[in-house]
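Right, one structure below, let's go through it.
Read-outs: derived from the displayed coordinates by stated rules, not from any lab. Fair warning: this is a prediction, and the values are worked out from it, not measured in the lab. Every residue, glycine among them, receives a Cβ derived from its backbone with ideal geometry; neighbour counts consider all protein chains shown.
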Amino acid sequence: MIFSIEPANRNTEHDIINKIGKQTSYCKDFGSIMFSSEGAYIKGWIRVAKIAVSGAIAGFTCVRHKVRAPETMLYFIAVVKDCNGEGIGKALMADLEKQTPHNRIALKVEKTNEHAIAFYTRLGYITESINEYGGKGILMAKQLEPKE
Ligand SMILES: CC(C)(COP(=O)(O)OP(=O)(O)OC[C@H]1O[C@@H](n2cnc3c(N)ncnc32)[C@H](O)[C@@H]1OP(=O)(O)O)[C@@H](O)C(=O)NCCC(=O)NCCS
């Protein structure tokens, strides 16, 4: 499947991104704090994968490039169910590695989300803490090659 990855447009794409995020139960806080803030869109922290033929959004990442700590926090990634297993999640993560100004990407994932944990592990993320979210989640991170 041919797709491109670009910054999301809040005015025209927020609703569909929100809907894709809510396809999974692992997205309870979605649409509240970080994601609903207009600033995240303006800063380019929400990026979408769009299918070339239709222009439909097949997935997205939502991040924060921290200022005080030298790391990017991945808040959420989701790919629409019909498009799972097509390499879109991997491409979104590769895009994130390109976009981040830092050498480190961190994320928190629920312990029961075995699929996502396997996905992150496949992409080189390592578990750093198993006591996040009051014991319900784990912290994973990946160290990148230094940026030139
Ligand atoms: C996790 C998610 C983003 C993966 O997206 P995807 O587009 O299906 O993943 P890809 O097709 O790009 O897979 C990338 C690689 O991970 C591997 N992978 C994916 N799921 C895997 C699994 N359950 N077990 C082992 N490997 C897995 C793929 O085999 C592929 O490996 P490759 O490099 O050998 O080709 C997607 O399943 C999703 O949206 N899940 C629901 C939302 C969610 O839980 N998000 C995480 C919240 S913290």
Cross-link pairs LYS22/LYS136; LYS19/LYS43; LYS43/LYS136; LYS43/LYS147; LYS22/LYS111; LYS90/LYS147 - those with Cα-Cα distance over 23 Å: LYS43/LYS136
Neighbour-count order for THR121, THR100, fewest beta carbons within 10 angstrom listed first: THR121, THR100
Segment 39-139: relative contact order as a whole-number percent, Cα under 8 Å and 6+ apart: 19
Mean separation of Cα contacts under 8 Å, 6 or more apart, over the residue count of segment 102-148: relative contact order %: 50
ARG122, ARG64 arranged by Cβ crowding within 10 Å, fewest neighbours leading: ARG122, ARG64
